[in-house]
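The values are calculated or read from the model by the stated rules, or taken from the named source; none is laboratory data. Predicted model, so just to flag it, every value in this text is computed and none were measured. Heads up, the Cβs are rebuilt from the backbone with ideal geometry, glycines too, and the neighbour counts pull from every protein chain shown. Surface accessibility is based on the protein's heavy atoms, side chains included, excluding ligands, DNA and RNA. Shrake-Rupley method; radii C 1.70, N 1.55, O 1.52, S 1.80 Å.
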Amino acid sequence: MAAVSILGITLTQVYWVRKAFDLREKQFNRDVQTSLDAVANRIFEINKTPVPTNSPVDQLSTNYFVVLVNGPVNSSVLGVLISSEFEKRKITADYEYGVYDCQDQCMKGSDFKSHKVGKAMASLEQMPVWKNDGYYFAVQFSRIEANLISQMGIWIYSSAVMLVVIFFFVYTLFVILKQKRLSEIQRDFINNMTHEFKTPLSTIAISSEVLRDPLITNTPERLLNYATIIQNETNRLKQHVERVLQMARLEKSDVALRKEKLDVHELIRDAVQNSALLLQEKKGEIDLQLNARHSWITADKLHFTNVLFNLIDNAIKYNQQQPKLIISTVNVNDHVTIEVKDNGIGINSENQRKIFHQFYRVPTGNLHDVKGFGLGLNYVKLMVEAHRGKISVESELDKGSTFKIVLPTA
């Protein structure tokens, strides 16, 4: 409703500014007509010719006026008369004037330049010739619109104030919507984090309860099994906490990268090896097409391996069939391009713009078994940019996704 109200006020303001401009233009035309009528009457008196019953002034266009005078006109005298009449009516627009000489059949100007805004025709051939017998003089104005606008002080001021108000309104609305979106995302993050922490804590609690039974020492295999469960779930909790702390440090730019010269092909093989167990569970496969001849980059081994692992992990998790990944490299100029292509569920165009935002998770429809905080791709983007690289995604629903990383070679 506020937006509609602002739009209504804006349209109303535009309407009234236009009306005010039209009224100012009509007033300007009337003042010019009256001034030129007075000039014509003075010329009739000087030439001692009868004054016509009809107005000798004719407006041929918005900025061009002709005045029939029925006799020769001295250009210098004409300049003084025009300047005097325009000053009386406060006409300050720049103008040019010329006199049509019937004997020579051409426009003639003068060297009269005493008035600050009046001047002789700078280029007489540009003055339109009125196809009519008899002597006449013509006045042509330049930049009328700018002159009229400069006289609309209160309207310009009110329009400027309205523009400022609209700007701050739009900015405020943008901030409110952004805060609302962030609030929803953070709420989802807290819900996900609570669930992710609650599951291992419940498993640890149950295992601890079992270990309190004195009789469990009689079955060492069972004791080792529950101890292993506690250890695994503790490690899982540590990973969750470390991931959240890592993103907090990234936001503060508090992560010190230990960059060294590395072979990107080695990093890809390490990331694939780290994903081997998950890939085996899903009965998937990865095809490596490492074609880059110059594969050396300057990078932090730990963080960049994590970047590749995150992309592979997402390609495996967000897949409703047997995962088939293609990881390829190629050189373009002095850069190496890494592509991770999958046959997963894909991402629609609307979500492609948001997947790198912190806490954002793509809705997966009926696929509810994919867990996470919405931090992975945000971490990937921050790390790639920290290595002076760029990341992009091309995807289509139900046809898979392709993540492309471009990095400068070492």
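Using the Cβ atoms and a cut-off under 12 Å, what net charge is assigned to the surroundings of Thr298, where Lys and Arg are +1 and Asp and Glu are -1? That sum, taken over residues with Cβ under 12 Å, equals +2.
Spread over its residues, the convex hull of the C-alpha atoms of region 166-220 is 54 Å³ per residue. Rolled with a 1.4 Å probe across the full set of protein chains, the surface gives Met162 an accessible area near 40 Å².
For a 28 Å ceiling on Cα separation, which of these pairs sit above it: Lys259/Lys404; Lys178/Lys282; Lys238/Lys341; Lys19/Lys90; Lys282/Lys381?
Lys178/Lys282; Lys238/Lys341
Go ahead and run the numbers for FRET between Glu25 and Val4, Cβ-Cβ distance against an R0 of 41 Å, rounding to 0.05.
On the way: r = 32 Å, r/R0 = 0.77.
After rounding to 0.05, the efficiency reads 0.85.
Neighbours of Ala227, meaning other residues whose beta-carbon lies under 14 angstrom from its beta-carbon, give a summed charge of -2 when Lys and Arg score +1 and Asp and Glu score -1.
Computed over the alpha-carbon pairs of region 141-240, the distance histogram in 10 Å steps reads 12, 19, 14, 11, 10, 9, 8, 7, 5, 4, 1 percent, short to long.
The gain in end-to-end length when the Leu302 to Gln321 segment is fully stretched comes to 3.8 nm, 0.36 nm per residue minus the alpha carbon separation.
Counting Lys and Arg as +1 and Asp and Glu as -1, what is the net charge of the other residues whose Cβ lies under 10 Å from the Cβ of Glu260? Please report the intermediate quantities before stating the final value.
Details: positive: Arg258, Lys259, Lys261, Lys301; negative: Asp300.
That sum, taken over residues with Cβ under 10 Å, equals +3.
Percent of Cα-Cα pairs more than 20 Å apart in region 256-340, please. More than 20 Å apart: 34 percent of the Cα pairs in region 256-340.
So, R0 is 45 Å and r is the distance between the beta-carbons of Met152 and Arg181; what FRET efficiency does that work out to, to 0.05? Provide the component values of the computation, followed by the final result.
Values: r = 41 Å, r/R0 = 0.92.
That gives a FRET efficiency of 0.60.
Between Lys48 and Leu11, the modelled labels are 6.6 nm apart [label points 7 Å from Cα along Cα→Cβ].
Could you compute the FRET efficiency for Ile216 and Asn191, with r as their C-beta to C-beta distance and R0 at 30 Å, rounded to 0.05? Approximately 0.25, to the nearest 0.05.
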